[in-house]
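One structure below.
Each reported figure results from applying straightforward, stated rules to the coordinates on display, with no laboratory input. All values reported here derive from a predicted model rather than from experimental measurement. Every residue, glycine among them, receives a Cβ derived from its backbone with ideal geometry; neighbour counts consider all protein chains shown.
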Amino acid sequence: SLNVCASITANSAFTRKWFLDMFGMQFERKLRTIPGGVYLHEYKRDPAMMKKIDETYGLAGKKVVLFTGRLTPQKGVDYLIRAAKQIQGEVLILGDGPERANLQKLIDALKLTNCRILGYMKPGEQLSFKAFYSRADVYVAPSTWKEPLGLVILEAMAAKTPVISTRAGGITSLIKDGYNGYLVHVRRSDEIAMRVNELLGNEALC
């Protein structure tokens, strides 16, 4: 019960506000914001692993755009797939979930040759999903719901990969538009494609 607990934690300023709006300001004194984080040493670039990724998926010399996460409607992956038609690089989707079949149908319907769903990869597997963050040239988080924080964005940043995300929930606590990433409007494939190509074509900006 909220009344008897000694402390309450929120993982972002957005989640804190959401909690107080829902349960009342009487809990403000108990509430502490403790943002999520990542271990930076786990995201160091490994040239051998990046070469392995290139060899396994035929990516040598190609620009890579990455999404990681559970494939649900709220993650907005369909908008990244629609953007792929205009994106000047390979779009890789790492993850699994109830929307996978529908997303694959969309890729097939759009006749995309630069967009692939690679499925879920565990951290301990030979090709860990963490290595893909370093291999990627751009990371895209196209969520359509209000993310509490957006841990995948921190993971991409830890790998020094530029990030594009929708203006959704706690994500705006992590990204300052045009400073350490780009924010785009929700459900705007054209904006995603524009910003991705801007980064892919400008190494200094990345």
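A few comments on the model shown:
- Axis angle, to the nearest 10 degrees, between helix 189-200 and the longest C-alpha principal axis of the chain: 70 degrees.
- Counting only lysines at least 8 places from LYS51 when in the same chain, those with an alpha carbon closer than 24 Å to its own are LYS62, LYS63, LYS122, LYS130, LYS160.
- Axis of helix 100-109 versus longest Cα principal axis of the chain: the two differ by about 40°, to the nearest ten degrees.
- Prolate/oblate/rounded label for segment 158-206 (Cα gyration tensor, a/c 1.5): oblate
- Global form of segment 107-182, assessed from the alpha-carbon gyration tensor, a/c cut-off 1.5: oblate
- Calculated log₁₀ intensity ratio I(q)/I(0) where the Debye formula runs over C-alpha points of segment 87-136, q = 0.14, 0.21 Å⁻¹: -0.40, -0.82
- The chain - mean residue ellipticity at 222 nm from DSSP helices (-39,500 (n - 2.57) per run, n ≥ 4, rounded to 500): -9500 deg cm²/dmol
- Relative contact order computed over segment 149-199 (Cα-Cα under 8 Å; 6+ residues apart), in percent: 32 percent
- Here, segment 51-91 is characterised by an Rg to Rh ratio of 1.04, where Rg is the alpha-carbon radius of gyration and Rh the Kirkwood radius.
- The distance linking segment 138-192 with segment 35-82 is 14 Å (Cα centroid to Cα centroid, whole angstrom).
- Taking the charge dipole of the chain about its Cα centre, with +1 at Lys and Arg Cβ atoms and -1 at Asp and Glu Cβ atoms, the residue from VAL186, LEU2, LEU110 reaching farthest to the positive side is LEU2.
- The chain pair-distance distribution - Cα-Cα, 10 Å bins, rounded %: 8, 33, 34, 16, 7, 1
- With contacts taken as Cα pairs under 8 Å at a separation of at least 6 residues, segment 113-206 carries a relative contact order of 23 percent.
- When you count the other C-beta atoms within 10 angstrom of each residue and take the mean per peptide, 109-122, 26-39 line up highest first as 109-122, 26-39.
- Spin-label model, GLU28/LYS160: points 7 Å from Cα along the beta carbon direction are separated by 4.3 nm.
- The angle between the Cα long axis of helix 47-57 and the longest principal axis of the Cα atoms of the chain comes to about 70 degrees, rounded to the nearest 10.
- Lys/Arg +1, Asp/Glu -1 at C-beta; the chain dipole; positive extreme among LEU151, PHE14, TYR133: PHE14
- When peptides 185-192, 168-175 are sorted by average Cβ neighbour count within 10 Å, with the highest value leading, the order is 168-175, 185-192.
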